[in-house]
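This report concerns only the one structure given below.
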Amino acid sequence: MGNLIDYIYSRSIVQNYCNKKVESQKIMLLLEAAMAAPSACSNDPWEFIVISEEEKSKELKEKTKFKCCNAPLSIVVCGNTKLGKVDIENTLLQDCSAAIQNIVLACAGIDLAAEWCIIYPSYEKIESIKEMLHIPEHVIPLGIVCVGYPNETKSLKAKYNEKALCVFMGR
């Protein structure tokens, strides 16, 4: 584990994943990192479906049309509407997004690569994934984090633009 700021700035796009499976210990570490995310009123409304079976991964790729599902591991992050205090637009989506970001950042700390694929608000993808994974009605798949050992990556450009996005009061 290294410096979090370094991980944030060194993120890259994964062009290709190695065939190497992600070890169970690392999967558990990623789930622990996800569950360490902040959530509104400490509701922790997330549920995680870990897919490492090759056939299920292929089916997930077909259903979503996401190229990133070529990774040896996919973590489907879902929001449980029975656990959230308010509706999806208010906190559930934000809580689960924080969990997803923790997974992505934790990957960088353990030499894994990750891509965040958005499911919500695509009703078609939501229903397709719910059917495939037998997800109950009160649980909504919101995103998929595709994880693996990088074979080929492409660096991201620096995105910071002080003039375009930032307002400083008292400078």
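Conditions tested, residue by residue: (1) in contact with a Gly (Cβ under 8 Å, 6 or more places away or on another chain); (2) part of a strand (DSSP E or B); (3) charged (D, E, K, R); (4) modelled with pLDDT under 95.
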residue: VAL50; (1), (2), (3), (4): no, yes, no, no
residue: GLU55; (1), (2), (3), (4): no, no, yes, yes
residue: GLU62; (1), (2), (3), (4): no, no, yes, yes
residue: ILE75; (1), (2), (3), (4): no, yes, no, no
residue: LEU83; (1), (2), (3), (4): no, no, no, yes
residue: VAL86; (1), (2), (3), (4): no, no, no, yes
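Within segment 102-119, does at least one residue satisfy the condition of being of a type in the set (D, E, K, R), outside any helix (DSSP H, G or I) and surrounded by fewer than 17 Cβ atoms within 10 Å (Cβ to Cβ)? Among the residues of segment 102-119, at least one is of a type in the set (D, E, K, R), outside any helix (DSSP H, G or I) and surrounded by fewer than 17 Cβ atoms within 10 Å (Cβ to Cβ), which makes the answer yes. Given the residues ASN80, ASN43, which is the only one that is surrounded by fewer than 19 Cβ atoms within 10 Å (Cβ to Cβ) and in contact with a His (Cβ under 7 Å, 6 or more places away or on another chain)? Answer to the check: ASN80.
Can you find a residue that is part of a loop (DSSP other than H, G, I, E, B), crowded, with 18+ Cβ neighbours inside 10 Å and in contact (Cβ under 8 Å) with a residue 12 or more places away in the chain anywhere in segment 2-15? No.
Could you grab the pairs with beta carbons closer than 8 Å, sequence gap of 6+ or different chains, first residue in segment 143-163 and crowded, with 20+ Cβ neighbours inside 10 Å and at pLDDT 75 or above, second one of a type in the set (S, T, N, Q) and part of a strand (DSSP E or B)? Between residues of segment 143-163 that are crowded, with 20+ Cβ neighbours inside 10 Å and at pLDDT 75 or above and residues that are of a type in the set (S, T, N, Q) and part of a strand (DSSP E or B), the close pairs are ILE144/SER74; VAL145/SER74; CYS146/SER74; VAL147/SER74.
Scanning segment 120-142 for residues that are assigned to a helix (DSSP H, G or I), farther than 19 Å from ILE100 by Cβ and touching a residue at least 24 places away in the same chain (Cβ under 8 Å) returns SER128, MET132. The number of residues in segment 16-40 that are crowded, with 16+ Cβ neighbours inside 10 Å and under 22 Å from THR91 (Cβ atoms) comes to 6. Of the residues making up segment 16-41, those that are within 16 Å of ALA108 (Cα to Cα), assigned to a helix (DSSP H, G or I) and free of Cβ contacts under 8 Å to residues at least 40 places away in the same chain are GLN25, MET28, GLU32. When we screen LYS58, LYS63, LYS125 for residues that are among the basic types (Lys, Arg) and surrounded by fewer than 16 Cβ atoms within 10 Å (Cβ to Cβ), the only hit is LYS58.
The values are calculated or read from the model by the stated rules, or taken from the named source; none is laboratory data. Quantities reported herein were computed from a predicted structural model and do not represent experimental measurements. Positions of Cβ are generated from backbone atoms using ideal geometry, with glycine treated the same way; all protein chains shown enter the neighbour counts.
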